[in-house]
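The values are calculated or read from the model by the stated rules, or taken from the named source; none is laboratory data. Computed from a predicted structure; not experimentally measured. Counting neighbours? That spans all protein chains shown, and the Cβs are built from the backbone with ideal geometry, glycine included. Just so you know, the surface numbers come from the protein's heavy atoms only, side chains and all, with ligands and any DNA or RNA stripped out. Shrake-Rupley method; radii C 1.70, N 1.55, O 1.52, S 1.80 Å.
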Amino acid sequence: MERLDKFLCDSGVGTRSQVKVILKSGRVTVDGRAEKDAARKIDPNTQTVCLDGEVLGGYRRIVAMMNKPAGFVTATEDPVEKTVMELLPPEYRNLDLKPVGRLDKATEGLLLFTNDGDLLHRLISPKKEIPKVYYARHEGQAGDEDVAAFSAGLILRDETHCLPAKLESLGPGESLITVCEGKYHQVRRMMASRGMPVTYLERREEGPLTLGDLPRGQVRELTEAEIAML
Ligand code: URA
C-alpha cells in the first residue's frame with residue numbers, strides 16, 4: 001500500500017505541489033471514483049488509478065543516457081547556469097531522475113541518469129572502478145613517457161594521487177584516456193600535469209556502454225540488457 005500522492009509523483013504526473021493541485025481539482029480517480037485525499041492508501045497491484053481517464057503506472061525504474069552538450073552544468077538545480085536537467089524531454093522531467101556522476105560544464109558526451117537510488121550509489125561508488133573512456137583534443141602530443149606515467153598512476157601538483165590510467169595517442173593533439181575514478185576535473189588535470197592542456201573533452205564510454213549514434217543533446221533509455229550489464 002502507498003499514499004496516493006506518492007503514487008502520482010512516481011507516475012511522473014508532476015511535482016509534489018503540482019500533484020496537490022491536481023488532486024484538489026478532482027481529475028484523479030481510484031477504481032473509477034474521484035479521489036481528492038492525498039493521504040489515501042492505494043494498492044497499485046490491485047487498484048486502478050487514472051488521471052483524466054488515463055491509467056497511471058506508478059514507479060518504473062528508468063536508466064537513461066544523455067549525449068551532453070557543452071555549456072550545461074551537471075546538477076539538478078543551479079541559480080545561474082543551465083543544467084543538464086533542462087535537456088531532459090518533458091516526459092522525464094518529473095520522474096526524479098538524478099545524474100550519475102558528473103561531467104564539467106565544458107565536457108560533452110555520455111552522462112547517465114536514473115531514478116533508482118541503489119543503482120545510482122552502486123555506479124558512483126569509488127569501489128566499483130568503472131572504466132570511462134574520454135576523447136581529448138589538447139596541446140602537444142602524448143609520448144611513451146606520458147603513457148608510462150599514466151599507467152604508473154599520476155601524482156598531480158596538489159599531491160592528488162590518481163589510480164593507474166590508460167593514455168593512447170591518436171596523433172598530434174588527440175588522445176584517448178581511460179580512467180576508473182572521477183576526481184574533480186580529473187582528465188583535464190592529468191593531461192595538464194603532463195604539459196598537454198585539454199581544449200576539448202568528450203566522454204565516449206562508461207563501463208559496457210558507448211554513446212553510439214545518439215545525437216548531441218539527445219536522451220535515450222537503456223534497454224534491460226544494457227542495465228543488466230551495469
Ligand atoms: N575529467 C574532466 O576533467 N572533466 C570531466 O568532465 C570528466 C572527467
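If the requirement is being within 20 Å of the chain's Cα centre (by Cα) and either aliphatic (A, V, I, L, M) or not assigned by TED's automatic domain parsing to the domain that holds THR114 (or both), which of these qualifies: GLY12, GLY71, GLY26, GLY32? Give the steps one after another, and end with the answer.
Details: GLY71 fails: either aliphatic (A, V, I, L, M) or not assigned by TED's automatic domain parsing to the domain that holds THR114 (or both); GLY26 fails: within 20 Å of the chain's Cα centre (by Cα); GLY32 fails: within 20 Å of the chain's Cα centre (by Cα).
Unique residue meeting the criteria: GLY12.
Answer yes or no as to whether THR29 is part of a strand (DSSP E or B) and either without any contact (Cβ under 8 Å) to a residue 12 or more places away in the chain or more than 23 Å from GLY117 (Cα to Cα) (or both).
Values: part of a strand (DSSP E or B): yes; either without any contact (Cβ under 8 Å) to a residue 12 or more places away in the chain or more than 23 Å from GLY117 (Cα to Cα) (or both): yes.
It is true that THR29 is part of a strand (DSSP E or B) and either without any contact (Cβ under 8 Å) to a residue 12 or more places away in the chain or more than 23 Å from GLY117 (Cα to Cα) (or both).
Looking at (1) closer than 17 Å to ASN115 by Cβ; (2) open to solvent by 30 Å² or more (accessible area, probe 1.4 Å), which is the only condition LYS36 fails?
Going through (1) closer than 17 Å to ASN115 by Cβ; (2) open to solvent by 30 Å² or more (accessible area, probe 1.4 Å) one by one, LYS36 breaks only (1).
Which is among the aliphatic types (A, V, I, L, M), modelled with pLDDT under 95, over 26 Å from VAL63 (Cβ atoms) and in contact with a helix residue (DSSP H, G or I) (Cβ under 7 Å, 6 or more places away or on another chain), of LEU156, LEU167, LEU230?
Working: LEU167 fails: modelled with pLDDT under 95; LEU230 fails: over 26 Å from VAL63 (Cβ atoms).
Testing whether each residue is among the aliphatic types (A, V, I, L, M), modelled with pLDDT under 95, over 26 Å from VAL63 (Cβ atoms) and in contact with a helix residue (DSSP H, G or I) (Cβ under 7 Å, 6 or more places away or on another chain) leaves just LEU156.
Across the range 109-154, what is the number of residues that are within 16 Å of the chain's Cα centre (by Cα) and at positive phi?
Residues in the range 109-154 being within 16 Å of the chain's Cα centre (by Cα) and at positive phi: 1 in total.
Name the strands (runs of 3 or more DSSP E) wholly inside the range 93-195 in which the number of residues that are surrounded by fewer than 19 Cβ atoms within 10 Å (Cβ to Cβ) is 3 or more. I'd like the intermediate steps shown before the answer.
Numbers: elements: 98-100, 108-114, 132-138, 166-171, 174-179.
The strands (runs of 3 or more DSSP E) meeting that bar are 166-171, 174-179.
Yes/no matrix, rows are residues, columns are (1) free of Cβ contacts under 8 Å to residues at least 24 places away in the same chain; (2) in contact with an Asp or Glu (Cβ under 9 Å, 6 or more places away or on another chain):
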| residue | (1), (2) |
| --- | --- |
| LYS132 | no, yes |
| ALA136 | no, yes |
| VAL147 | yes, yes |
| SER151 | yes, no |
| LEU156 | no, no |
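Here is a yes/no grid of residues against (1) of a type in the set (S, T, N, Q); (2) closer than 24 Å to ASP213 by Cβ:
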| position | (1), (2) |
| --- | --- |
| GLU91 | no, yes |
| LEU97 | no, yes |
| ARG122 | no, no |
| PRO126 | no, no |
| VAL133 | no, yes |
| GLN141 | yes, no |
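Could you say whether any residue in the range 67-79 is surrounded by fewer than 16 Cβ atoms within 10 Å (Cβ to Cβ), basic (Lys, Arg) and in a strand (DSSP E or B)?
No, because not a single residue in the range 67-79 is surrounded by fewer than 16 Cβ atoms within 10 Å (Cβ to Cβ), basic (Lys, Arg) and in a strand (DSSP E or B).
Please go through the range 178-208 and pick out each residue that is near the ligand (Cβ under 10 Å from one of its atoms), under 20 Å from the mean Cα position of the chain (by Cα) and among the β-branched types (Val, Ile, Thr).
VAL179, VAL187
Go through (1) modelled with pLDDT under 95; (2) of a type outside the set (S, T, N, Q); (3) in a helix (DSSP H, G or I) for PRO44 and report which single condition fails.
That leaves (3) as the condition not met.
Let's see how each residue does on (1) among the hydrophobic types (A, V, I, L, M, F, W, C); (2) part of a loop (DSSP other than H, G, I, E, B); (3) farther than 25 Å from LEU120 by Cα:
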position	(1), (2), (3)
PHE7	yes, no, no
GLY14	no, yes, no
ASP37	no, yes, yes
GLY58	no, yes, no
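Taking LEU214 and the conditions (1) open to solvent by less than 60 Å² (accessible area, probe 1.4 Å); (2) modelled with pLDDT under 95; (3) not charged (D, E, K, R), which numbered condition does it fall short on, given that it satisfies the others?
Going through (1) open to solvent by less than 60 Å² (accessible area, probe 1.4 Å); (2) modelled with pLDDT under 95; (3) not charged (D, E, K, R) one by one, LEU214 breaks only (2).
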